[in-house]
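Readers should treat all values here as calculations from the given coordinates under stated rules, not as data from a laboratory. In this text the structure is predicted, and so the values were computed from the model without any measurement. Note that we place each Cβ from the backbone using ideal geometry, even for glycine, and neighbour counts take in every protein chain shown.
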Amino acid sequence: MTGMPILKLTEAAVNRIRRLQEKSGKPDAGLRISLKAGGCAGYEYDMQWAEAANPGDEVVEQDGVKVYVDPGALLYLLGSTMDYKEDKLKSGFVFDNPNQIGACGCGESVQLKPADPGMLEKS
C-alpha cells in the first residue's frame, strides 16, 4: 500500500509561490511551513519565506516550486491540500487538512491531530 503525499498544492498556490520565488531572485527559495501554538483552537500555520530547507525539513516540489515542511508539522499536514485565495477583504494561503478536528470562530487557529506515521508516502 502506498501512503499519501505530505502536501498537495493547487494551481493558485503554485502560482503564488512562483511569484514570490521570482521576486526573491533565489532559485532554491521556497515557502517554509511550520506550526506554532496559538489562538483559541491550539495551532496556527506559520509560513515564512526561506532561501533553503532547514535540516530535517521535508521538501515538497510541485510544478517548479518548493515548499519546506518543518519536521514538527509533518504528521499534522499529511494529506493536506494548500490553496491560495483572494477576496475583497483578504488574501492568503488556506489548507484543506484532513487532520483538522476543529477551528476557532475567527478562522485564525485550528485544532489538529497527528496522522498515522504509517500513512507517509514511501520514497
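Work out the charge dipole of segment 7-119 with +1 on the Cβ of Lys and Arg and -1 on the Cβ of Asp and Glu about the Cα centre, then indicate which of GLY64, GLY39, GLY79 is farthest towards its positive end.
Of the listed residues, the answer is GLY39.
Between ALA12 and ALA52, with labels modelled 7 Å along Cα→Cβ, what's the label distance in nm to one decimal, could you check?
About 3.4 nm separates the two model spin labels.
What distance in nm separates the two pseudo spin-label positions at LYS23 and GLU44, each 7 Å out from Cα along the beta-carbon direction?
Calculated label separation equals 2.0 nm.
Ranked from highest to lowest mean number of other Cβ atoms within 10 Å per residue, what is the order of the peptides 88-94, 76-82, 53-59?
Averaged packing, sorted descending, gives the order 76-82, 53-59, 88-94.
Which value does Rg/Rh take for segment 7-119 over its C-alpha atoms, Rh per Kirkwood?
0.96
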